[in-house]
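The values are calculated or read from the model by the stated rules, or taken from the named source; none is laboratory data. Quick caveat: nothing in here was measured; it's all calculated off a predicted structure. In this analysis, Cβ positions are derived from the backbone assuming ideal geometry, glycine residues included, and neighbour counts consider all displayed protein chains. With ligands, DNA and RNA removed, areas are computed over all heavy atoms of the protein, side chains included. Shrake-Rupley method; radii C 1.70, N 1.55, O 1.52, S 1.80 Å.
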Amino acid sequence: MSVTTANKRRLPGDFAPSQAKAQAAALRVNHAGEYGAGRIYAGQLAVLKHHACAEELTHMAAQEQVHLAAFERILPAYGVRPTLLMPLWHVGGWLLGACTAAMGARAAMACTVAVESVITEHYNEQLTNGAVDVALHPEITKFRDEEMEHHAIGLAHDAALTPLYAPLTASIRSICRAAIALCARI
Ligand SMILES: [Fe+2]
Ligand SMILES: [Fe+2]
């Protein structure tokens, strides 16, 4: 079902306007999140391109590009506009990636653990709260599983051995949750 039908006479099974609004917010966040994730990995690769973990970072960055491409297609199909904050995520995402990578490969992986845990949480929420069209669930489930894989890659690369791991990841998680709240509205 497309959100654009919200402006027409609703049929059984169509979303009510409030549900359409919740779906638009979730999809806008998905798009912005995938864009931001790609920028984080780009920032990390700018610093760690010769490090042993570069191959893993490149693998995760490539998957984020596939996720982003899907939402580039889905947003217009559902009549949803992207967040107005894209320029902020363009710069902020890259800086978050580059700054954590400058602290070392483990800190970069700690950033991945924090970011991917919040993205996984966000996908799980929309897969269970009825906000998003069930037709999108298989694709979102696949992306959620790949975000969990990224989270596991971070942990496998000793993210938790980063000095100040707990406050670092808690701060990054807070930034991600604030970004989600902003993108849902703006
Ligand atoms: Fe992703
Ligand atoms: Fe990811």
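Structure data summary
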quantity: Options Val132, Gln19, Val66, ranked by Cα towards positive dipole end of the chain, top entry (Cβ charges); calculated: Gln19
quantity: Kirkwood hydrodynamic radius of segment 12-135, Cα pairs, Å; calculated: 15.3
quantity: Solution diffusion estimate, µm²/s, Stokes-Einstein, segment 70-150, Kirkwood Rh from C-alpha pairs, 4 °C, viscosity 1.567 mPa s; calculated: 90
quantity: Separation between Cα centres of segment 79-131 and segment 36-51, rounded to whole Å; calculated: 13
quantity: Nearest-10 value in Å² for the accessible area of Leu84, using the 1.4 Å probe; calculated: 120
quantity: Helix-only mean residue ellipticity at 222 nm for the chain, each DSSP H run of n ≥ 4 adding -39500 (n - 2.57), per residue, nearest 500; calculated: -26000 deg cm²/dmol
quantity: Gaussian network model of the chain, Cα within-10 Å springs - most flexible of Ala69, Ala107, Ala26; calculated: Ala69
quantity: Within the chain: Cβ-based charge dipole about Cα centre, in debye rounded to nearest 20 (Lys, Arg +1; Asp, Glu -1); calculated: 820
quantity: Which of Arg73, Arg177, Arg185 is most accessible, then next, and so on - probe 1.4 Å; calculated: Arg185, Arg73, Arg177
